[in-house]
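The values are calculated or read from the model by the stated rules, or taken from the named source; none is laboratory data. Keep in mind the model is a prediction, meaning the values are calculated, not measured. Positions of Cβ are generated from backbone atoms using ideal geometry, with glycine treated the same way; all protein chains shown enter the neighbour counts. Keep in mind that these areas ignore ligands, DNA and RNA; they rest on the heavy atoms of the full protein, side chains included. Shrake-Rupley method; radii C 1.70, N 1.55, O 1.52, S 1.80 Å.
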Amino acid sequence: MHLMNTKHVTVTLLSALLLGQRYEKPSVVKGRTDVITVTPWLAPVIWEGTFNPALLDSIYKPQNVSIAATVFSVGKYTKFLKDFLETAEQHFFVGFNVRMYVFTDRPEEVPQVKMAAGRELIVRLVPSSNRWQEISARRMEIIQKLIEEELVDQIDYIFCLDVDSLFHARWGTESLGELVAVIHPGYFKSERRGLDYERRPASRACMAADEGDFYYCGGAFGGAVKDVHLLAKTCRENFEADAKENIEAIWQEESHLNRYMWLNKPSKLLSPEYLWQDMVPREPEIRVVRFSGIIKNYQDIRPNFSE
Ligand SMILES: *[C@@H]1O[C@H](CO)[C@@H](O)[C@H](O)[C@H]1NC(C)=O
């Protein structure tokens, strides 16, 4: 009991010290009005201008939070790793404990990237595959097992990210939450009927015409390890059950993730700043691009593009 109290007092003092850096009073009546900053189920939506990064870091720092990130780099996708890892060092949870897991079939091609103190690069071998759809589908299984075997009780949060992307600006503690989804940049102004969900009732990812909040990215999602474990396990089970009946959802795991997030509302949403696409023209609501998918030539990198 005594120990607990001492720790609590220390943490509080430390926070107070760090918060000693003054900051502008938040306004009750002024804020962003061009976008929603909270969903109808009262989850915050994170946009530039809605948070104070230094303040958030000073709250999370004393908790010594640890973050894992997974990135899959199979076949020719390994050529994206260097830029991904180097920009992650510059922008992704700088100053925090980070374990970056790279899953690859070409471990010898993983670049040597200098990691800052408290940050680790861990390379894991996965089998090659001839179908990118399969690579994508197996991600959920690997994430599920990783959490069960080594993250649970060791790591607080996990983010699962696409490798063919770059960090351009801060992605930090403002993104932490139990179940975190990124609003897809391609559909953020679309009506329900325009969202590219799986629509065939035979699939477990099916979304009816009157279902769906937002269209979320399969290329970036995360949350507390326990919550992401349930997400990965559920999506994997549904994907496999579909496969047994010879059906593959239109966007594979992304379709299943969207179904999951419809039934299990994310506790925090990240705006499309957190996964923009370099080929999509910038919209005025996007004041900063933090992470974006690079323009790529699928024919060069996907093993079965012509399929
Ligand atoms: C903070 O967490 C890291 C691992 O994430 C651990 O190695 C370190 O000992 C922890 N520090 C404190 C003060 O608890």
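Return the residues of region 161-191 that are basic (Lys, Arg) and more than 15 Å from Val288 (Cα to Cα); say none if nothing qualifies.
Lys189
Hey, could you check region 147-162 for residues that are assigned to a helix (DSSP H, G or I) and either within 16 Å of the ligand (Cβ to nearest atom) or open to solvent by less than 10 Å² (accessible area, probe 1.4 Å) (or both) and say which is farthest from His256 (Cα to Cα)?
Of everything passing the filter in region 147-162, Glu150 is farthest from His256 (Cα to Cα).
How many residues does region 252-274 contain that are modelled with pLDDT of 95 or more and open to solvent by 10 Å² or more (accessible area, probe 1.4 Å)?
Qualifying residue count for the region: 9.
Exactly one condition in (1) of a type in the set (Gly, Ala, Ser); (2) within 14 Å of the ligand (Cβ to nearest atom); (3) more than 21 Å from the chain's Cα centre (by Cα); (4) within 18 Å of Leu161 (Cα to Cα) is false for Gly75; which is it?
With respect to (1) of a type in the set (Gly, Ala, Ser); (2) within 14 Å of the ligand (Cβ to nearest atom); (3) more than 21 Å from the chain's Cα centre (by Cα); (4) within 18 Å of Leu161 (Cα to Cα), Gly75 is out only on (2).
Out of (1) among the charged types (D, E, K, R); (2) under 23 Å from Gln144 (Cα atoms); (3) buried (at least 23 other Cβ atoms within 10 Å of the Cβ), the odd one out for Arg204 is which?
Condition (3) is where Arg204 drops out.
Residue by residue through region 202-215, note down the ones that are closer than 22 Å to Ala243 by Cα and in contact with a His (Cβ under 6 Å, 6 or more places away or on another chain).
The answer is Ala205, and nothing else.
What are the residue pairs meeting all of these: first residue in region 209-234, first residue at pLDDT 95 or above, second residue among the basic types (Lys, Arg), Cβ atoms under 6 Å, and 6 or more apart or on different chains?
As it stands, the answer is Gly212/Arg192, since those pairs meet every condition given.
Which one of the conditions (1) out of contact with any strand residue (DSSP E or B) (no Cβ under 7 Å at 6 or more places or on another chain); (2) surrounded by fewer than 21 Cβ atoms within 10 Å (Cβ to Cβ) does Arg236 fail to meet, given that it meets all the rest?
Tallying (1) out of contact with any strand residue (DSSP E or B) (no Cβ under 7 Å at 6 or more places or on another chain); (2) surrounded by fewer than 21 Cβ atoms within 10 Å (Cβ to Cβ), Arg236 fails exactly one: (2).
Inside region 45-91, can you point out the residues that are of a type outside the set (Asp, Glu), assigned to a loop (DSSP other than H, G, I, E, B) and either open to solvent by 40 Å² or more (accessible area, probe 1.4 Å) or under 30 Å from Arg32 (Cα atoms) (or both)?
Residues satisfying the conditions are Trp47, Gly49, Thr50, Phe51, Asn52, Asn64, Val65.
So which residues in region 97-143 are of a type in the set (Gly, Ala, Ser) and open to solvent by 30 Å² or more (accessible area, probe 1.4 Å)?
Ala116, Ala117, Gly118, Ser128
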